[in-house]
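Novice: My questions all concern the structure below.
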Ligand SMILES: Cc1cc2nc3c(=O)[nH]c(=O)nc-3n(C[C@H](O)[C@H](O)[C@H](O)COP(=O)(O)O)c2cc1C
C-alpha cells in the first residue's frame, strides 16, 4: 500500500478556522442577513445540532424527514432544475448530477425528502440481508476544524425485508425523474467465500425497486469486507450478479440494472488496476470512487483520532487521485460516480473535470446544509 504513488502525494490537510459555536448575543442586530437561507443552517441549525451526539442527531433528523410532512414545504425552496444539468449514464438519465451518498439513509425511510431537496439521485443503504446492530457506540465523530467525520458504524441496518417494504412504499410517491440507487453489503457473520450469496440475495429481493445497484466492498468497519476487493472474490460476486441480472431482466419489464462497484481510496494502483479489469470484463456500468479512508495522512500528526473511516475535506484529494487513475486506465469503458469531499460547486467541477459523470455527497451535506445542493446546481448552470 505504502509503495503506491496514489497513496502518497497529498500533504496534511490545512485546518480551517477553528469552529466557533454560534453565540446567541449576535442574533438580533444582524437578523435580516440570516434570512439568507444557507446562513440559517450554518449559523443557527448546525451549531445547535453540533451540540449533540452525531448519531443521535442523525437519527433525530432521519425520523423527522421520514415523516414526510416537510416535503411540500421544502420542495419550492429547493427546486431548481435545468436541461444543462441532465446527465446520461448507462441506461439512466439523471435530472442533475448531484446525489446523496450511501449511509445517510440506510433503511430507505426518506427517499421522498431527498427528491424534495433537489438531489438528482439518492443511494440508499448499505442494506444487508439480515438486520444487524453494527459496532458498539459511540461510533460516529465530527472533526469540525477539518470539515470531516470519522465513523465506524459497521453496517447497522434493519435488513432487506424491512428495506423492501420501505422502498416499495417510497417509490410510489417519487418524481419520475428521480433516480434511486440501492447499495448492498454482506452481513458481518457471512464468511468471505459466501459473501456473493448475500449480494445475490439483496439484489434479487430489491431488483424491482432499484434503478441501479452499488456493490459495497469497501467499508472499513466490517472486518474483512475490503478483502472482497481482491480479484478472486470480486470476480465471483460480479459474475454471479450479472448472471442474475440477465435472468431477472426476463421477468421484469424495464431492462437489466446498471451495476456500480464502490471502492476504497486506500488501494494500490495494482489493486485498482485489477478492479478495473474485472469490472470491464463483467460489464459493469462504473465505479464509485470512493468510500471513506482508513488513512490519517491528510490530518496533522500527533493527534489521536478515533478508529474508523474518515470522510469529508481530508478525503477529497485522495479520492480525486483514484478518479484520475480509473479514467486514465478505463476511459469510457467505465463511468465514475465521484464521492469524497464534495462541499461546493468548485469541488464538483474538479471531479467532473477529472472525468466523473456524477458526484455524491455525505459529509459536505452535513456541514453545508441542504441548500448546498441548489447552490451547486445554480453555479453549475451559470458556468456552463
Ligand atoms: C456516517 C457515515 C456512514 C456511512 N455509511 C456508508 C454505508 O453504509 N455504505 C457506503 O457505501 N458508504 C457509507 N459511507 C461513505 C459515504 O457514502 C461516502 O463514500 C464517504 O463518506 C465519502 O464522501 P463524503 O466525503 O462526501 O462524506 C458513510 C459515511 C459516513 C460519514
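Novice: Which of (1) touching a helix residue (DSSP H, G or I) at 6+ places or on another chain (Cβ under 8 Å); (2) buried (at least 23 other Cβ atoms within 10 Å of the Cβ) is the odd one out, the single condition residue 335 does not satisfy?
Specialist: Against the list (1) touching a helix residue (DSSP H, G or I) at 6+ places or on another chain (Cβ under 8 Å); (2) buried (at least 23 other Cβ atoms within 10 Å of the Cβ), residue 335 comes up short only on (1).
Novice: Need a quick list: strands (runs of 3 or more DSSP E) entirely within the range 66-143 having at least 2 residues that are within 16 Å of the ligand (Cβ to nearest atom) and touching a strand residue (DSSP E or B) at 6+ places or on another chain (Cβ under 9 Å).
Specialist: On the way: elements: 87-89, 92-94, 98-100, 121-127, 140-143.
Where strands (runs of 3 or more DSSP E) fall fully within the range 66-143 and carry at least 2 residues being within 16 Å of the ligand (Cβ to nearest atom) and touching a strand residue (DSSP E or B) at 6+ places or on another chain (Cβ under 9 Å), they are 98-100, 121-127, 140-143.
Novice: Quick one: in the range 373-384, of everything that is closer than 21 Å to residue 77 by Cα and surrounded by fewer than 24 Cβ atoms within 10 Å (Cβ to Cβ), which residue is nearest to the ligand (Cβ to nearest atom)?
Specialist: 375
Novice: Shifting gears a bit: Looking at 270, 243, 197, which is the one that is more than 23 Å from the chain's Cα centre (by Cα) and under 19 Å from residue 327 (Cβ atoms)?
Specialist: Only one candidate passes the filter, namely 270.
Novice: While we're here: Taking residue 316 as the residue in question, decide whether it is surrounded by fewer than 20 Cβ atoms within 10 Å (Cβ to Cβ) and closer than 24 Å to residue 213 by Cα.
Specialist: no
Novice: Restricting the first residue to the range 44-66 and requiring it to be under 17 Å from residue 100 (Cβ atoms), which pairs with a second residue that is more than 16 Å from the ligand (Cβ to nearest atom) and in a loop (DSSP other than H, G, I, E, B) meet a Cβ separation below 8 Å and a spacing of at least six or different chains?
Specialist: 64/70
Novice: Looking at residue 373, is it in contact with a helix residue (DSSP H, G or I) (Cβ under 9 Å, 6 or more places away or on another chain) and not in a loop (DSSP other than H, G, I, E, B)? It would help to see each step written out before you state the result.
Specialist: Working: in contact with a helix residue (DSSP H, G or I) (Cβ under 9 Å, 6 or more places away or on another chain): yes; not in a loop (DSSP other than H, G, I, E, B): yes.
So residue 373 fits the description; yes.
Novice: Moving to a separate point now. Out of the residues in the range 344-356 meeting the condition of being part of a loop (DSSP other than H, G, I, E, B) and crowded, with 20+ Cβ neighbours inside 10 Å, tell me which one is farthest from the chain's Cα centre (by Cα).
Specialist: 354
Novice: Report the residue count in the range 306-340 for those that are assigned to a loop (DSSP other than H, G, I, E, B) and out of contact with any strand residue (DSSP E or B) (no Cβ under 6 Å at 6 or more places or on another chain).
Specialist: Residues meeting the conditions: 2.
Novice: Can you tell me which residue in the range 358-371 is nearest to the ligand (Cβ to nearest atom), limited to those that are over 12 Å from residue 149 (Cα atoms) and surrounded by 24 or more Cβ atoms within 10 Å (Cβ to Cβ)?
Specialist: Only one residue tops the list, namely 361.
Novice: Yes or no: the range 101-110 includes at least one residue that is under 19 Å from residue 359 (Cα atoms), crowded, with 24+ Cβ neighbours inside 10 Å, in contact with a helix residue (DSSP H, G or I) (Cβ under 7 Å, 6 or more places away or on another chain) and modelled with pLDDT of 95 or more.
Specialist: Looking for residues that are under 19 Å from residue 359 (Cα atoms), crowded, with 24+ Cβ neighbours inside 10 Å, in contact with a helix residue (DSSP H, G or I) (Cβ under 7 Å, 6 or more places away or on another chain) and modelled with pLDDT of 95 or more, one finds none in the range 101-110, hence no.
Novice: What are the residues in the range 327-353 that are closer than 19 Å to residue 218 by Cβ, without any contact (Cβ under 8 Å) to a residue 60 or more places away in the chain and more than 15 Å from the ligand (Cβ to nearest atom), if any?
Specialist: Scanning the range 327-353 gives 327, 329, 330, 334.
The values are calculated or read from the model by the stated rules, or taken from the named source; none is laboratory data. Nothing here was measured: the structure is a model prediction, and the numbers come from that model. Backbone-built Cβ (ideal geometry, glycine too); neighbour counts: all protein chains shown.
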